[in-house]
Amino acid sequence: MIFGLMETGFPLFYWGNALMIVIALTLIYLAIAKGMEPLLLVPIGFGMILVNLPLGGMMDYEMMLRAPQAGTVMEVPLNKGDGFDKGAIVFKLDTGEVQAPVFGRVDSLKVSKGQRVEQGQVIASILTMEQTNQAELPSRPVGLLSRIFQFGVMWQILPPLMFLCLGALTDFGPMLANPKTLLLGAAAQFGVYLAFFMSLFFGFSLTEAASIGIIGGAEGPTTIYVTSVLAPHIIGATAVACYSYMALVPIIIPPVIRLLTTKKERQIYMKPSLRKVSRLEKIVFPLITSIIVILLVPTSAPLMGCFMLGNLFKECGVTERLNQTAQTTFVDLITIFLTLAIGAAMPAQNFLQPKTLLVLILGVVSFASAAAAGVVLAKIMNLFLKEKINPMIGGAGVSAVPMSARVVQVMGQAEDKKNFLLMHAMGPNVAGAIGAAIAGGVFIGILG
């Protein structure tokens, strides 16, 4: 058998695939050349490349196309291997047309011209990379990455496990040493709800709006978890928006802070030393927080429970092997699987839509307004505090641990070389991670 052009991916390769590959290469360039979140953007970018190379099959789902009504097949416009768009005519019956519910390509035809079919009979097997509601359009993952995505992301396994690792990497000491910074992390959730209502204004559904709003929490696993539950069809857009904006924290947050603060405010000096937090406090905190938060918001249990368990591994002092595993090998494995799967959720047909561009715009609004809310609350708090806080640390309420805290540290040093704000900024930073998990739980509890 001669392997010809029609057996390659070139006939199905179109400008959208090329554009997505360019975007993917840009993400990889930013990761390698500019050091922007390389552990995230390299696998996401490569996953995007893989799914935009037609016939690779890495993200394929098999779906059985059934006859919507009984009839006789009059015409079969498509052949095995042909690609088609959503809504394309696959069969023409004497009783009406059978349209494709998703984009994809024909895997096999089960009936032929002139054959009688009954309502509900399987008439074709199609392959698609479109994210669908399994209850309405059941499909079976058959590609390597579609299996990882389905059983890891859509079954809500990988995001909570990533939170466990993040908990093991998080030090709540700065927040416990200065509890009022918890309010700054809570204030940053304003961006989540602002973007939620803006999304509704632009015509998104309630579940889509919640998934877009949670981008402002600046926690990739939270965004992925909430979107996988509420709006899986836009998971590629929300995930890439969240992770991209996390990488762009040094670009997004400083202008917001400068816009809302004066030079004098940015120069407010904060003592570098914080109250020493006891080991007992650090052990009790994840236990008490888990109990209270999960009782108040039960649907936050997967994220909050794993987050606090990981932190308990870190602080209890008797699970060092578990702690080291969560901080190193395990987090690396989860990162690889999670980010590759997310990149693979972005074939051109899924991503290149007007709705996607709007998701990206609303995502950056959510992100920037979250930082702004933290800064504004810090300024308000200074009206009542005897010992002033530098309002820049409120900008670190956007989670993105610990990057946003580092950005505040750099800005503080630029204003006053004697000012060391890193540990002060870590308080609202980790509080923002808790707030994002709670906000996600609230959305799922109400809308899920």
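The values are calculated or read from the model by the stated rules, or taken from the named source; none is laboratory data. Please read all numbers here as calculations on a predicted model, not as lab measurements. Quick reminder, even Gly has a Cβ in these numbers, built from the backbone with ideal geometry, and neighbours come from all protein chains shown. We work out accessible area using only protein heavy atoms, side chains counted, and drop any ligands, DNA or RNA first. Shrake-Rupley method; radii C 1.70, N 1.55, O 1.52, S 1.80 Å.
What full-extension length gain, to one decimal in nm, is calculated for Leu259 and Ile336 as 0.36 nm per residue of separation minus the Cα-Cα distance?
Values: separation 77, 0.36 × 77 = 27.72 nm, distance 3.72 nm.
So the extension gain works out to 24.0 nm.
Placing a label point 7 Å from the Cα of Leu19 along the Cα-to-Cβ direction, the residues of the range 72-109 with a backbone N closer than 17 Å are 85-86. How large, in percent, is the carbon and sulfur part of the accessible surface of the range 1-66 at a probe radius of 1.4 Å? With neighbouring chains kept in place, the figure for the range 1-66 is 75 percent. Structural descriptor for the chain: relative contact order 22 percent, calculated from alpha carbon pairs under 8 angstrom and at least 6 residues apart.
Please report how far the C-alpha centroid of the range 379-395 lies from that of the range 32-59, rounded to the nearest whole angstrom. So the separation of the two Cα centres works out to 41 Å.
For the range 149-306, what relative contact order do you get, as a whole percent, if you take Cα pairs closer than 8 Å and at least 6 residues apart?
Working: 127 pairs, mean separation 42.1, N = 158.
Result for the range 149-306 is 27 percent.
Once R0 is set to 51 Å, what does the formula 1/(1 + (r/R0)^6) return for the Cβ-Cβ distance between Leu137 and Cys316, expressed as a FRET efficiency to the nearest 0.05? Display every interim value, and only then the final one.
Numbers: r = 46 Å, r/R0 = 0.90.
According to the calculation, E is roughly 0.65.
Tally up the carbon and sulfur contribution to the accessible surface of the range 128-281 as a whole percent, 1.4 Å probe, everything protein left in place. Accessible surface attributable to carbon and sulfur in the range 128-281 totals 68 percent.
All other residues with a Cβ under 14 Å from the Cβ of Gly395 taken together, and with Lys, Arg as +1 and Asp, Glu as -1, what is their net charge?
Working: positive: Arg258, Arg266, Lys379, Arg406; negative: Glu265, Glu415.
Summing Lys and Arg as +1 and Asp and Glu as -1 gives +2.
When every Cα-Cα distance of the range 14-55 is counted in 5 angstrom steps from zero, the calculated P(r) takes the values 6, 30, 29, 18, 11, 5, 1 percent.
If you count, for each residue, the other Cβ atoms within 10 Å and average over each peptide, how do 40-51, 337-348 line up from highest to lowest? If you can, show how the numbers build up before the last one.
Numbers: 40-51: 23.7, 337-348: 26.4.
Highest-to-lowest ranking by the protection proxy: 337-348, 40-51.
Placing R0 at 22 angstrom, the Cβ-Cβ distance between Ile446 and Phe202 gives a FRET efficiency of 0.65 after rounding to 0.05. How big is Rg to Rh over the range 257-320, alpha-carbon atoms, Rh as the Kirkwood inverse-mean-distance radius? Rg divided by Rh gives 1.20.
Its Kirkwood hydrodynamic radius, worked out from the mean inverse distance over all distinct Cα pairs, puts the range 364-448 at 13.4 Å. Taking the Cα atoms of the range 179-321, the ratio Rg/Rh between the radius of gyration and the Kirkwood radius comes to 1.02. When peptides 115-121, 16-22, 402-408 are sorted by average Cβ neighbour count within 10 Å, with the highest value leading, the order is 402-408, 16-22, 115-121. For the range 141-178, applying the loop criterion from DSSP together with a ceiling of 10 other beta carbons within 10 Å to the chymotrypsin sites (Phe, Trp or Tyr not before Pro) yields Trp155. Starting from a Cα-only point model with no solvent, please compute log10 I(q)/I(0) by Debye for the range 36-75 at q = 0.19, 0.33 1/Å. Ignoring solvent entirely, the Cα scatterers give -0.71, -1.08.
What translational D, rounded to a whole number of µm²/s, comes out for the range 11-104 from Stokes-Einstein when the hydrodynamic radius is the Kirkwood one over Cα pairs, at 25 °C and 0.890 mPa s? Display every interim value, and only then the final one.
Details: Rh = 15.9 Å.
For these conditions, the coefficient is 154 µm²/s.
Summary of the geometry: the range 98-119 and the range 6-20, compared by the centres of their Cα atoms, lie 24 Å apart. Per-residue extension of 0.36 nm, minus the Cα-Cα distance of Glu97 and Ile288, leaves a gain of 62.8 nm for this segment.
If R0 is 35 Å, what FRET efficiency do you get for Ala70 and Leu352 from their C-beta distance, rounded to 0.05? Taking R0 as 35 Å, the efficiency between Ala70 and Leu352 is 0.40. Close amide H pairs (under 5 Å, H built 1.01 Å from N) link Arg66 with Ile123, residues at least 5 positions away or on another chain. Considering only Cα atoms, the convex hull volume of the range 226-291 works out to 186 Å³ per residue. With a Cα-only, solvent-free Debye model of the chain, what are the log10 I(q)/I(0) values at q = 0.06, 0.09, 0.10 Å⁻¹? Log10 of I(q)/I(0), two decimals: -0.30, -0.62, -0.73.
Under Stokes-Einstein, with the Kirkwood radius over Cα pairs standing in for Rh, what whole-number D in µm²/s applies to the range 298-430 at 4 °C and 1.567 mPa s? Can you show the working numbers first?
Values: Rh = 18.0 Å.
The estimated diffusion coefficient comes to 72 µm²/s.
Cα centroid separation, the range 263-328 to the range 400-448: 13 Å.
First compute the accessible area of the range 336-408 with a 1.4 Å probe, then give the percent of it belonging to carbon and sulfur atoms. Don't jump to the answer; show the numbers that get you there.
Details: 1830 of 2490 Å².
Carbon and sulfur together cover 74 percent of it.
For the range 239-318, the list of chymotrypsin sites (Phe, Trp or Tyr not before Pro) that fall in a loop by DSSP and count at most 14 other C-beta atoms within 10 angstrom reads Tyr269.
A 22 angstrom limit on the alpha carbon distance is what I want to check against. Which of Lys263/Lys418; Lys271/Lys314; Lys34/Lys263; Lys180/Lys388 exceed it? Working shown, then result.
Details: Lys263/Lys418 15 Å; Lys271/Lys314 27 Å; Lys34/Lys263 29 Å; Lys180/Lys388 12 Å.
Exceeds cut-off: Lys271/Lys314; Lys34/Lys263.
Based on protein heavy atoms only, the chain ends up with 44 Å² per residue of surface accessible to a 1.4 Å probe.
Projecting the Cα atoms of Ala378, Ile444, Ala431 onto the charge dipole of the chain (Cβ charges, centred on the Cα centre) puts Ala378 farthest toward the positive pole.
Note the per residue figure in Å³ for the convex hull of the C-alpha positions in the range 62-200. Spell out each step's value before the answer.
Working: hull volume 19.8 nm³, N = 139.
Dividing the Cα hull volume of the range 62-200 by its residue count gives 143 Å³.
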